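Enquirer: Structure below; questions to follow.
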Amino acid sequence: MLKRFAAIVLPELACEIARQDGRVADGPFAVIVDDDDRAPEGELLDRHATLDAVDARAFQYGARPGQTAAQATAFVGKLQVVRLPRSRLRQALVSIAESVLDLGMTAALELEPEAGRLYATSTIRYPLGAGAGPEDTVWLDVSGCARLVGGEDLLADELRERARAHGHRSRVAIADGPRIARAIARWSVRSELVAPAGQGAAALRPLPIAALPLDDKLAQWLLKLGLLRIEDLAQLDRARLAHRLGPRARDLLALVNGEDDLPLRAYEPPRRIVETAAFDQALDGTEPLLFVLRGLVARAASRLAARGQAAGLASLRLGFDASILSLRRFDSEADDGSEPNPFHELALELPVPLAKEDDLLRAFHAKIEGLTLDAPVLSVGLTLDGLTEKAEHQLDLHRKHGADPDALPTLLAELGAWLGPDRVGMLSLLDSHRPEVRSRLVAVTPSVMSSCAAPTHPDGDQVLAPSRLLPRPIALGKLTEGSLIPTGRELFLVDRLQHLARLDRVEWWSPSPLCRDYALAWVHHGPISSGPRRLHERPEEREHALALVYLDRLDGQGYLQGWFD
């Protein structure tokens with residue numbers, strides 16, 4: 001089967017990230033990508049540094065990637081030059097790669113390193129606008145996958161939509177090789193970016209020489225010879241051209257001929273999903289915080305969906321404005337002289353792993369609703385951990401309206417956020433004869449959720465399983481027919497008793513073994529001031545309730561244990 005590759009090129013990635021992070025004001029700007037993540041971000045002071053990307057307005061006025069900051073400022077007087085760590089570009093590419101994993105066989109952020117160093121990439125970028133910086137491409141092996149979405153044209157549209165959901169403009173091309181697809185996406189001026197199978201060479205021919213993986217010196221030498229397009233290079237004598245191009249000429253000429261067998265380096269998703277956002281203007285209040293959180297959760301949910309996973313742990317890290325936080329701490333009476341913590345952590349332990357955007361938002365909404373912010377928020381970080389395989393549910397073809405399999409996990413997550421994870425769970429049966437300790441609240445896990453069958457009781461134990469069990473037995477004194485049972489503002493009169501079971505020295509090894517005689521009591525109730533009519537009613541005319549009572553043979557007292565509904 002012929003291999004097919006999709007290249008998702010983000011032509012304005014660095015500029016889009018700089019805008020999203022609020023590092024630039026209105027006006028033309030340029031970006032320098034710094035390999036050192038510890039370097040100070042923001043306005044650049046070194047005017048001899050080389051630009052990696054410029055925005056559309058700076059490009060219109062003459063600024064170009066590859067120029068120094070001083071050269072670009074000569075064209076654009078009020079040009080802003082900012083630093084951007086390379087890790088921010090890679091984080092954006094990682095988000096795109098994870099969101100498209102379900103549409104292809106393998107996603108990659110780079111090619112194999114040995115073959116990828118054959119030729120340096122030219123600093124001349126795109127004919128229609130600014131460059132994106134050192135990294136701008138996500139590859140996807142889509143061999144045999146396009147038919148699942150209706151064809152390669154629809155697949156390319158879907159890939160563009162996935163990138164747009166992350167806030168990035170993209171150009172998507174599909175071809176027989178990864179380098180051919182990237183060259184088409186970067187340099188083609190046509191609206192159709194899908195090269196037919198086996199037509200990679202024909203799709204490359206109209207592109208300029210700069211579309212090939214050549215260094216700047218070799219590209220300029222070919223331009224001086226009048227070779228402006230790849231089709232001009234393909235028409236030359238290959239024996240003489242191989243001598244001029246050097247030891248890697250065979251690979252380059254094979255690429256011109258449409259042969260691109262360079263393998264991808266498969267991207268392996270980490271076991272944790274992190275989405276962050278920073279702001280120039282601080283967020284004051286929970287409403288704008290929830291609005292920002294919706295975008296972070298949407299991106300994280302798309303990555304979960306592509307992985308086929310769900311998150312069991314979620315946390316939110318809020319970064320406060322340190323100056324306002326210190327000022328409020330100083331004005332408050334709780335100031336003890338220590339430095340206030342500029343971050344606030346919100347941990348959310350989900351009873352059942354969740355994957356959908358709306359479900360995660362509802363769980364966080366319950367946590368943030370009653371939150372009081374100590375200061376305006378400058379940064380928000382969302383982390384999803386405890387990733388597990390998402391359970392898939394079989395469709396029900398026999399009923400028109402089936403039960404939503406995600407309704408209960410979402411409800412449990414909301415209740416866990418409101419009440420706490422230790423107060424939400426399911427009852428589990430224990431191996432004990434004591435009715436008061438036969439069940440215990442346990443945390444809800446996927447294994448517990450999968451076993452939805454009702455618990456079964458051993459023979460003879462069903463009689464000691466009331467519908468409602470009192471947290472503590474109520475002392476009744478002497479237990480006989482005609483006894484009164486006081487509960488709150490009402491009295492219960494015992495009409496009849498029926499023996500059920502006897503527990504004789506149960507757990508004899510413990511300090512308090514059980515010696516109880518259990519009985520089923522038919523009782524009727526009414527106000528304390530019962531009228532003469534109710535007192536003279538015959539037992540068979542009354543409405544009865546069933547209660548579980550027992551006689552403790554050690555102290556001779558009767559106790560009310562629970563009720564049967």
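Throughout, read-outs are computed from the coordinates displayed, never taken from laboratory work. Remember, predicted model here, so these are calculated numbers, not experimental data. Neighbour counts run over all protein chains shown; Cβ positions are idealised from the backbone, glycine included.
Enquirer: Once R0 is set to 41 Å, what does the formula 1/(1 + (r/R0)^6) return for the Cβ-Cβ distance between E112 and A298, expressed as a FRET efficiency to the nearest 0.05? It would help to have the intermediate numbers written out before the result.
Expert: Numbers: r = 33 Å, r/R0 = 0.81.
The calculated FRET efficiency here is 0.80.
Enquirer: Next question. Can you tell me which lysines have their Cα less than 30 Å from the Cα of K367? Leave out same-chain residues fewer than eight positions away.
Expert: Output for K367: K356, K390.
Enquirer: What are the trypsin sites (Lys or Arg not before Pro) within the stretch 262-333 that DSSP puts in a loop, where the Cβ has at most 12 other Cβ atoms within 10 Å? It would help to have the intermediate numbers written out before the result.
Expert: Values: sites: R265, R271, R272, R294, R299, R303, R307, R317, R328, R329; in loops: R271, R272.
Of the trypsin sites (Lys or Arg not before Pro), the ones in loops of the stretch 262-333 whose Cβ has at most 12 other Cβ atoms within 10 Å are R271, R272.
Enquirer: Moving on to the next point. At what distance in nm do the modelled label points of R440 and R502 sit from each other, each positioned 7 Å from its Cα along Cα→Cβ?
Expert: Placing both labels 7 Å along Cα→Cβ, they lie 3.1 nm apart.
Enquirer: For labels at L469 and A282 in the simple 7 Å Cα→Cβ model, what's the distance in nm?
Expert: 5.2 nm
Enquirer: Hey, another quick one. Can you compute the modelled spin-label distance between Q557 and S143, with each label point 7 Å from Cα toward Cβ, in nm?
Expert: 7.9 nm
Enquirer: Let me ask another. About its Cα centre, how strong a charge dipole does the stretch 187-265 have in debye, to the nearest 20, once Lys and Arg get +1 and Asp and Glu get -1 at the Cβ?
Expert: In debye, rounded to 20, the stretch 187-265 gives about 240.
Enquirer: Of the trypsin sites (Lys or Arg not before Pro) in the stretch 186-230, which ones lie in a loop per DSSP and count no more than 16 other C-beta atoms within 10 Å?
Expert: R190
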